[in-house]
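Have a look at the structure below, then the notes.
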Amino acid sequence: MSVFLWGVLPYLTLLLLIGGLWYRRRFDQFGWTSRSSQIYEKSILKIASPLFHYALFAVLGGHLVGLLIPKEWTYRVGISQHTYHLMALVVGGIAGVVCVLALFALIIRRRTNPSVFAATTWNDKGMYVVLTAALVLGLVATFFGGERPNGEEVNYRDTVSVWFRSLFTFKPNIAAMEAATLPFKIHVVVGLLLFCILPLTRLVHAFAAPVQYLFRPYIVYRSRGTRPVQGSSWQTVGQKRTR
Amino acid sequence: MRVMAQVAMVMNLDKCIGCHTCSVTCKQAWTNRTGTEYVWFNNVETRPGQGYPRRYEDQEKWQGGWVRTASGGIKLRSGGRLKKLLTIFASPVQPEMDDYYEPWTYDYETLTNAPLGDDFPVARPKSLITGRTMAIEQSANWDDSLGGGPGWEERDPIVEKLHAESQERIRFEYEKSFMFFLPRICEHCLNPSCMAACPSGAIYKREEDGIVLVDQDACRGWRQCITGCPYKKIYYNHRSGKAEKCHFCYPRIEAGIPTVCSETCVGRLRHIGIILYDADRVTKAAATKDPKDLYAAQLEVMLDPNDPEVLRAARAQGIAEDWLDAARRSPVYALIKHYRVALPLHPEYRTMPMVWYIPPLSPVVDLLREQGHDAEAAGNLFGAIDALRIPVDYLAELFTAGDPAPVIDVLQKLAAMRSYMREVTLRGKGDPTIAEAVGMTPQAMEQLYRLVAIARYNERYVIPKAHYEMAHNLEEMGCSVDFDGSVTDDGPFGSGSGAPVPVAIETFASMQARRAAAEADQAPPPLPPAGDEVPGVR
């Protein structure tokens, strides 16, 4: 079980993520959109959506720092474990709480506004369950994952981070992950699940971040002949069948 | 000089009776789908009126179009690139469903399924968004013919502006009011701000004919284009999550036939043709300092298709001879630049729109007639155009950024044409002094009359076909006519066999026949039989 969860599942996730993105890119460009519901309701959305996204960026940044930077490096620049933990708890905690609150606001909007609710697919509902679970479990792990029930302190930078970095060398350190506390284990599994379903849900819009907008000319000329030719299945992933 | 060709349209507003046939046929052709219920690529607005979506011209609120920067360039009114990317997580500066309308259908089932009873069953309106019973509060054309009720027309942004400037009230009492209809499609601008606002780069202008399209595969639904377009002619398909817009019926234009809205126009008020323009001068012209000079600046960008210099540059750019020929015969060029009777819609948005309008003389004529004057006499008309400032100022806010001079100029030409042709009808000979009063020759007067009043089919529409040597590039493909005989004959396996034939083929064949007949000055041939008898059309 441990081997599957910490040795196989991460690579499976990566495979599904890349495969799913390739599939969307190759066959479902038409379905690749944020599927905004702003036209139905914008007063809640215009506050909650930017809040959620910005908080999510902070959370993402926190994950990268925590997972990729070995704890010896931060010690060397003079940040003690106590300071680091405090910083992670305060910054990560605030970002996580804001993110979850904004997500709740968006879900309440989605449920209570009849127009938005009518445009919500089963795909969306499933996605929201996984997304909410991943975020809430992350908060639980942040606040309560620091020690075992018997009071023994466990630093995730000795367990989860070591395992995560070992994945890149294709020699997964399963033992390190086994040593992590239960909240972290559950959070990691749900997090991997989130990345598995990402390309098949509306979350795929994250991979359409239009950075090229900063560099392209304002006016785009295109010849009739340069239409990008690719397969396109008209029925799209994650969308309601049109009547 | 970089010469490019642009398909453009001119609408003669005097001839618009507000029947909405263009809107309805366009909708039946293109937007009768789930997700586009509220989308009208073509709509007809009553002016004064709020338009669709309501008050779209209020750019203080909607932030559409370009503004001139202090350094003499232009930037999007809604903000620069970085700001757009940083605020991409919501795009609230744009109309909501309530600014358009909530689309609905009726519960027709009740009418047939209701049990026998004392009361008549009623088909109640059901929202197409939520499926629930709803109260209809407005629609795309709620204020048709000033029918919006008290206070509606006063909320027209132009009426508000004129009121603030002149303290003059536009009167909406029935006997003192004026009104006209304004059909609107996408402007297919030379300097489109929707395109500039698109983070994905999905909106593009076709090099061959200047038609502005949304690449449905590249659009990611960021909705910045809706904010960017000052005419609010980009719509959000709320089912597919993509932007959609009027595409100038490009499959028809490629086949050399006019758009659906033009083809079905009862008043025959639309003209379609080619304009040659200098793409290198567009941005500079769009940055003209005084908004009132933008009309002239846009005229400058358009090139004379008879100028040998222009023709040489056009050929160097690979523009084909038949296109250059079409540019020379273009009714649109004639109306815009030769006779100067057509004006752009809101040039102050700095997008260089390419759907132009001949402003209506009818508000002036109607007011004259109601006051008991001879509304066809040149002297009366000229005097009235000067005296009746409210219609003129209103038209100037629509077409020339508030400068009344070009509008008066156009209206006087139209008035002169009206009087001149009355003389021709009544006395068999026109009065040349009327033509000279507006700086035209009697000959030009009659040519203009022929173009806008007679408006023969093949003179209204001069549309060169897309090139067949590049036919593999045509976006509508799948024509399977590689058996003997014409497309109107049965296929090799009887009628209805083989791959589906695009609808445009049938239209094209009948259109060609009708055109040939018109050119030979004969009666048009009978229409082909409908339904199953037309081979290949299902």
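Since every read-out is calculated from the coordinates, none of them should be taken as a lab result. All of these numbers come straight from a predicted model, not from anything done at the bench. Don't worry about glycine lacking a Cβ; one is built from the backbone with ideal geometry, like all the others, and counts go over all protein chains shown.
Computed quantities for the displayed model
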| item | result |
| --- | --- |
| Gain in span if fully extended, A:Phe215 to A:Ile47, counting 0.36 nm per residue against the direct Cα distance | 57.7 nm |
| Cα-projected label distance for B:Gln216 with A:Val91, points at 7 Å along beta-carbon direction, nm | 4.6 |
| Overall form of the range B:340-408 per C-alpha gyration tensor (a/c, 1.5; a/b vs b/c) | prolate |
| The range A:67-106: Cα Rg divided by the 2.2 N^0.38 Å rule of thumb | 1.53 |
| Theoretical ellipticity at 222 nm over chain B - DSSP helices of four or more residues, -39500 (n - 2.57) apiece, nearest 500 | -9000 deg cm²/dmol |
| DSSP beta bridge pairing in the protein assembly as shown, given as percent antiparallel to the nearest 5 | 80 |
| Equivalent-ellipsoid semi-axes of the protein assembly as shown, from the Cα gyration tensor, Å, largest first | 57, 30, 28 |
| Lys, Arg +1 and Asp, Glu -1 on Cβ, resulting dipole of the range B:288-422 about Cα centre, debye, nearest 20 | 200 |
| B:Asp307 versus A:Leu60: modelled label distance in nm, points set 7 Å from Cα along the beta carbon direction | 5.0 |
| Isotropically averaged projected area of the range B:1-145, using the convex hull of Cα atoms (one quarter of hull area), nm² | 15.0 |
| Average partner coverage of B:204-217, which counts Cβ from other chains inside 10 Å | 4 |
| All lysines inside 30 Å of B:Lys126 as judged from Cα atoms, apart from same-chain residues fewer than 8 positions distant | A:Lys42, A:Lys46, A:Lys125, A:Lys240, B:Lys27, B:Lys232, B:Lys233, B:Lys242, B:Lys245 |
| Mean shadow area of the range B:271-406 over all directions, Cα convex hull, nm² | 9.3 |
| Normalised convex hull volume, chain B, alpha-carbon set, Å³ per residue | 201 |
| Spherically averaged projected area of the range B:6-85 from its Cα convex hull (nm²) | 8.9 |
| Burial ordering of B:Cys19, B:Cys26, fewest other beta-carbon atoms within 10 Å first | B:Cys19, B:Cys26 |
| 10 Å beta-carbon shell around B:Asn12, net charge (K/R +1, D/E -1) | +3 |
| Neighbour-count ranking [beta-carbon atoms within 10 angstrom, fewest first] of A:Thr201, B:Thr259, A:Thr121, B:Thr21 | A:Thr121, B:Thr21, A:Thr201, B:Thr259 |
| Protection proxy ranking of A:13-20, B:354-361 - average other beta-carbon atoms within 10 Å, highest first | B:354-361, A:13-20 |
